[in-house]
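In what follows, a structure is listed as structure tokens, so that the remarks can point back to it.
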Amino acid sequence: MNDTPAFRPALEHALNHSLAHLESLGHSPVAAGASLHMLRDRLVKPLNSEGMPAEQVIDELVNDTAGGIMGSAGGRFFGWVIGGSLPAALAADWMTSAWDQNAASYACGPAVAVIEEACGAWLKDLLGLPDHASFALTSGCQMAHVTALAAARNALLARRGWQVERDGLFGAPKIRILSSDQFHGSITRATRLLGMGTAAVTGLPANQAGQLDAAILEQALKNSPDTPTIVLLQAGDLNIGAYDCFADLIPLAHRYNAWVHVDGAFGLWANVSARYQHLLAGVEHADSWATDGHKWLNVPYDSGFAFVAHPEAHRNAMSYEASYISHNDQVREQKDWNPDWSRRGRGVATYAALRQLGRQGVVALIDGCCDAAHSLVTGIAALPGTELVWEPQINQGLVRFLDPRPEAAESDHDRWTDAVTSAVLASGEALFSNTTWRGKRCMRVSVCNWQTNAQDVARAVAAVARVLRERTL
Ligand SMILES: *Cc1c(COP(=O)(O)O)cnc(C)c1O
């Protein structure tokens, strides 16, 4: 090893490879072409006993992963809900690694601690959440749920004289979660991690618009008025981007002393736009909210945000210090609010994304993705043999492809829909994922990348049209 650290060759190789990847996205297949076998063959080799130059590690990494990297950073990737990365956010993410601060505590990284304070204030302002809410920058919405629901658990049990952080859950009153049946799987996992158990969640039937019905919720609340209850509301569900009616449901839940948590993994972002704000009317009265940076804000992965309207409950649930120990209010210690201890300075990329976009840029990002989703879904639905299942209200829509044979049944349409989606994926022109929605297979269309433009939309529609023209059973 040299005396002087030799960073330059490896970082320069990484820069060149990164640019080559990002600049090729417009003309390379969106799907990964390499097989599992091929990737294992190349990557899972015996660990070398001698070391090698850092830049060679990077070159071999790029060669060995070839064909195994999805084009999810580009503008023709419409699968699941996956955002790209803004240039400033990606570059800031590199700086985060170069600085290598431990963002557990102000003492280990003063600037990144203050960057998180700025992010918290900007995000609350943009998302229309109360100023006094506490926040945490987590690894994703999954851990934002864990953080917020740990605060809920603290508050609900404290009201019944139970100190859960000290005494655990054995012997504690059982907590239940009431939600529409459209809740995301990350809630299920949060209940497991928090010791509430998956059976704690009751998924009540959603109405035609995909929303939780007030009368059904009230009935459930009334059935067991003394049970500590969390009401989970959706701000943009995963299939159709449906929003529960916050203005009605939050006051209703509060009348029964429930804690209201909002899953707004991507949908909370619609609050920045004058076009969509009405969907979120009243959301600011909830008790906690969870959302993502790595989806619609287009920050690299490892970026979620939790907000809690009751900072004491949040702090009691997460803080290293017991709540009775006096606290230095001069600085915000991240480990008092986050589930992790050592962690990356994950606020830096969010800070950079928000600075690059500015308020108007965030609005343009949200509106632009919604416009693109609408053109994409209506463009595909206009093709022969296609059914419009859900016209996007925001950036999510559903279409279904009908088996052209006259005697075709629903199960044939299901198979045909999956076959068309796979054929589009195989074409490399665009990528969509599938879902089962109200018993039917659908192709799910999601747009959350700042790069998706009218040309990408036209190309994707043309790719679907070609598959429909050329494919026969
Ligand atoms: C993606 C998603 C989540 C989970 O978020 P992660 O960032 O993947 O942990 C939760 N809820 C909804 C509605 C989502 O779309």
Inset, instruction - Go ahead and run the numbers for FRET between ASP226 and GLU165, Cβ-Cβ distance against an R0 of 22 Å, rounding to 0.05. - result: 0.45
Legend entry - Rg [Å, one decimal], Dmax [Å, integer] - the stretch 16-132, C-alpha atoms: 19.2, 56
Legend entry - Farthest toward positive dipole pole in the chain [+1 Lys/Arg, -1 Asp/Glu at C-beta], among SER411, GLY71, SER186: SER411
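Using unit Cβ charges (K, R positive; D, E negative) and no other charged atoms, how large, in debye to the nearest 20, is the dipole of the stretch 355-472 about its Cα centre? All intermediate terms of the calculation are to be shown ahead of the outcome.
Values: 13 positive and 13 negative charges, 53 e Å.
The dipole of the stretch 355-472 has a size of about 260 debye.
Calculate for the chain the 222 nm mean residue ellipticity that helices alone would give, adding -39,500 (n - 2.57) per DSSP H run of length 4 or more and normalising by residue count, nearest 500 deg cm²/dmol. Display every interim value, and only then the final one.
On the way: 14 runs with 197 residues, N = 473.
Mean residue ellipticity at 222 nm (helix-derived): -13500 deg cm²/dmol.
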Legend entry - Equivalent ellipsoid semi-axes, the stretch 374-420, via Cα gyration tensor eigenvalues times 5, rooted, Å: 22, 10, 8
Legend entry - Computed P(r) (all Cα pairs; the stretch 65-132; 10 Å bins; percent): 16, 30, 34, 18, 2
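Hey, if we sort PHE170, PHE432 by accessible area with the 1.4 Å probe, largest down, what's the order?
On the way: PHE170 190, PHE432 5 Å².
In descending accessible area the options line up as PHE170, PHE432.
Accessible area per residue, 1.4 Å probe, Å², for the stretch 1-97: what's the number? Don't jump to the answer; show the numbers that get you there.
Numbers: 6280 Å² over 97 residues.
Result: 65 Å² per residue.
Could you list the square roots of 5 times each eigenvalue of the Cα gyration tensor of the stretch 111-210, that is, the equivalent ellipsoid semi-axes, sorted largest first and rounded to whole Å? Intermediate results must be reported in sequence, preceding the final value.
Details: eigenvalues 137, 87, 32 Å².
After diagonalising the Cα gyration tensor, the semi-axes are 26, 21, 13 Å.
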Inset, instruction - First compute the accessible area of the stretch 102-343 with a 1.4 Å probe, then give the percent of it belonging to carbon and sulfur atoms. - result: 53 percent
Legend entry - Length-normalised contact order of the stretch 102-343 in % [C-alpha pairs under 8 Å, at least 6 apart]: 29 percent
Legend entry - Which of GLY361, PRO392, ASN449, positive extreme of dipole for the stretch 355-472 (C-beta unit charges): GLY361
Inset, instruction - State, to one decimal in nm, how far the label point of THR188 lies from the label point of ARG355, with both points 7 Å from Cα in the Cβ direction. - result: 4.1 nm
Legend entry - Residues listed by number, the stretch 62-95, amide nitrogen under 15 Å from LEU22 label point at 7 Å toward C-beta: 72-75, 84-95
Legend entry - Convex hull per residue volume in Å³, alpha carbons only, for the chain: 173 Å³
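Per residue, what accessible area does the stretch 355-452 have, given a 1.4 Å probe and all protein chains present, in Å²? Write down the numbers at each step before the final one.
Details: 3880 Å² over 98 residues.
With all protein chains present, the stretch 355-452 gives 40 Å² per residue.
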Legend entry - Longest site-free stretch - the chain; sites: GluC sites (Glu not before Pro), DSSP loop, at most 12 other Cβ within 10 Å: 51-406
Inset, instruction - First measure r as the distance between the Cβ atoms of THR436 and GLN330, then evaluate 1/(1 + (r/R0)^6) with R0 = 41 Å and state the FRET efficiency to the nearest 0.05. - result: 0.20
Inset, instruction - Give the calculated FRET efficiency between HIS132 and GLN277 to the nearest 0.05, with a Förster radius of 35 Å applied to their Cβ-Cβ distance. - result: 0.95
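Kirkwood Rh, Cα Rg: Rg to Rh for the stretch 102-343?
Working: Rg = 17.1 Å, Rh = 18.0 Å.
That ratio is 0.95, to two decimals.
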Inset, instruction - Quick one: dipole size for the chain, taken about the Cα centre, charges +1 on Lys/Arg Cβ and -1 on Asp/Glu Cβ, in debye to the nearest 20. - result: 720 debye
Inset, instruction - May I ask you to give the solvent-accessible area per residue for the stretch 132-175, in square angstrom, as obtained with a 1.4 angstrom probe? - result: 41 Å²
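How much length, in nm to one decimal, is gained on full extension between MET70 and ASN102, taken as 0.36 nm per residue of separation minus their Cα-Cα distance? Kindly include the intermediate steps, with their values, before the conclusion.
On the way: separation 32, 0.36 × 32 = 11.52 nm, distance 3.02 nm.
Computed gain between MET70 and ASN102 is 8.5 nm.
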Legend entry - Selected from LEU22, LEU169, ALA98, residue furthest toward positive end of dipole (the chain; charges at beta carbon): LEU169
Legend entry - Apportionment of accessible area to carbon and sulfur, the stretch 403-456, percent (1.4 Å): 50 percent
Inset, instruction - Provide, for q = 0.18 Å⁻¹, the log10 of I(q)/I(0) from a solvent-free Debye sum over equal Cα point scatterers in the stretch 355-472. - result: -0.87
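The values are calculated or read from the model by the stated rules, or taken from the named source; none is laboratory data. What you see is a predicted model, and the numbers here were worked out from it, not measured in a lab. Here the Cβ is made from the backbone with ideal geometry for all residues, glycine too, and neighbour counts use every protein chain on show. Ligands, DNA and RNA are excluded from the accessible area calculation, which covers all protein heavy atoms including side chains. Shrake-Rupley method; radii C 1.70, N 1.55, O 1.52, S 1.80 Å.
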